[in-house]
Amino acid sequence: MQPKGILIPVGGAEDKGTDLEAGIIERNRLNFFEIGILKTIGGFMGGLDARIEVITTASTIPDEVAENYTDAFNKLGFENVGHMRIRNREDVSQFIGRLKTCDGLLFSGGNQLRLSSIFGGTEFLEIVKQRFHEENFVIAGTSAGAMAMSNNMIYEGNAGRAHLKGEVRMTAGLGFLDGVIIDSHFDKRGRFSRLAQAVAANPGAIGIGLGEDTGVIVRNGEEVEAIGSGAVTVVDGRNIMHNNIADTDFGTPISVENIIVHILSKGNTYNFRTHQFSEGNAAVYSQDEDSKN
């Protein structure tokens, strides 16, 4: 059964309007106020009257992170923003009432293992999943908050050693997406080999590498549209031929044949089920931006 809700995983470092205060350039104002990722998230949650809850469980500086998001949403006109300050499993039950009445959640960055270990098996997570499947509920996540959305989650892996077997470590995520593995800060931190190894170990899964200030809108659990200023890398392992990951020794390089890679920019679409890429709204976005230059 396809979920009715929307997922918006983001690769991290999304524009929070800080350049506006420095008065740098007018284009930053356009990107933030009209087509920015936070504007998109708030819009899907219901517009300026939406009740947005920011969950900072993954972060080691939860109050600072919550303040940054609250300030950014306030600049955009979203004033009904709350902070679910959940630091351990004992805290979770205190926020169930607010979970039932909000329009959407934003999971911040930090350590994704904190998200899976604190929310896994809780009533809170079950309610999130129920609302996501049965209502037009929006779940956004940035960096760790994006990576934790899928069933299979990367939680550790040095990009410089990710071509070696065993250097990419995975566990169960929050389970909003089936058959997908998400990685963040993808281009800046050189994480292609990390995602490729994750897909090689799980060839039935689709890998999604999200650049910074870049994300995807996931509709119906399968239809993806790229948003933001960077690139989305799709790694498809279903046609893999040679794959030595099961037989090579730990710490030695892996070799994989016939991984399919797509690169999406803003407006391009991809379908997890049909594996079809489409230009989507990319031409429209380009024309709109050109007309404003």
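From the list 7, 48, the one residue that fits, being among the hydrophobic types (A, V, I, L, M, F, W, C), exposed (fewer than 14 other Cβ atoms within 10 Å of the Cβ) and at pLDDT 95 or above, is 48. Go through the residues of the range 13-22 one by one and say whether even a single one is hydrophobic (A, V, I, L, M, F, W, C), modelled with pLDDT of 95 or more, outside any helix (DSSP H, G or I) and under 17 Å from the mean Cα position of the chain (by Cα). Within the range 13-22, none of the residues are hydrophobic (A, V, I, L, M, F, W, C), modelled with pLDDT of 95 or more, outside any helix (DSSP H, G or I) and under 17 Å from the mean Cα position of the chain (by Cα). Restrict the check to the range 81-100 and report whether at least one residue is farther than 30 Å from residue 31 by Cβ, crowded, with 20+ Cβ neighbours inside 10 Å and either of a type in the set (Ser, Thr, Tyr) or touching a helix residue (DSSP H, G or I) at 6+ places or on another chain (Cβ under 8 Å) (or both). Within the range 81-100 (the criterion being farther than 30 Å from residue 31 by Cβ, crowded, with 20+ Cβ neighbours inside 10 Å and either of a type in the set (Ser, Thr, Tyr) or touching a helix residue (DSSP H, G or I) at 6+ places or on another chain (Cβ under 8 Å) (or both)), the answer is yes, since at least one residue qualifies.
For every residue, the table says whether it meets (1) of a type in the set (A, V, I, L, M, F, W, C); (2) part of a loop (DSSP other than H, G, I, E, B).
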position: 193; (1), (2): no, no
position: 209; (1), (2): no, no
position: 230; (1), (2): no, yes
position: 233; (1), (2): no, no
position: 241; (1), (2): yes, yes
position: 250; (1), (2): yes, yes
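The condition of being within 19 Å of the chain's Cα centre (by Cα) and either under 21 Å from residue 151 (Cβ atoms) or assigned to a loop (DSSP other than H, G, I, E, B) (or both) holds for only one of 38, 106, that being 106. Filtering the range 137-183 to residues that are hydroxyl-bearing (Ser, Thr, Tyr) and under 17 Å from residue 236 (Cα atoms) leaves only 150. Do we find a residue being surrounded by 21 or more Cβ atoms within 10 Å (Cβ to Cβ), touching a residue at least 12 places away in the same chain (Cβ under 8 Å) and not in a loop (DSSP other than H, G, I, E, B) anywhere in the range 216-223? Within the range 216-223, one or more residues are surrounded by 21 or more Cβ atoms within 10 Å (Cβ to Cβ), touching a residue at least 12 places away in the same chain (Cβ under 8 Å) and not in a loop (DSSP other than H, G, I, E, B). Applying the selection to the range 107-124, what residues are closer than 19 Å to residue 181 by Cα and aliphatic (A, V, I, L, M)? Selection gives 113, 115. Among residues of the range 53-79 being part of a loop (DSSP other than H, G, I, E, B), surrounded by fewer than 17 Cβ atoms within 10 Å (Cβ to Cβ) and not aliphatic (A, V, I, L, M), the one that is nearest to the chain's Cα centre (by Cα) is 60. Which of the residues spanning the range 129-152 are among the aliphatic types (A, V, I, L, M) and touching a strand residue (DSSP E or B) at 6+ places or on another chain (Cβ under 6 Å)? Scanning the range 129-152 gives 138, 139, 140, 146, 147, 149. Pairs please, first residue from the range 82-107 and closer than 16 Å to residue 135 by Cα and free of Cβ contacts under 8 Å to residues at least 60 places away in the same chain, second anywhere and assigned to a strand (DSSP E or B) and among the aromatic types (Phe, Trp, Tyr), Cβ atoms under 9 Å, 6+ apart in sequence or on different chains. Partner pairs satisfying both residue conditions: none exist.
Residue pairs whose Cβ atoms lie under 8 Å apart, separated by 6 or more positions or on different chains, with the first residue in the range 54-73 and small (Gly, Ala, Ser) and at pLDDT below 95 and the second surrounded by 20 or more Cβ atoms within 10 Å (Cβ to Cβ) and in a loop (DSSP other than H, G, I, E, B), are 72/17.
Considering only the range 103-127, state which residues are aliphatic (A, V, I, L, M) and within 16 Å of residue 171 (Cα to Cα).
Across the range 103-127, the qualifying residues are 113, 115, 118.
Counting the residues of the range 109-142 that are over 19 Å from the mean Cα position of the chain (by Cα) and touching a residue at least 40 places away in the same chain (Cβ under 8 Å) gives 2.
The values are calculated or read from the model by the stated rules, or taken from the named source; none is laboratory data. Computed from a prediction, not measured in an experiment: that's the story for all the values here. Cβ sites come from the backbone with ideal geometry, for glycine too, and all protein chains shown count toward neighbours.
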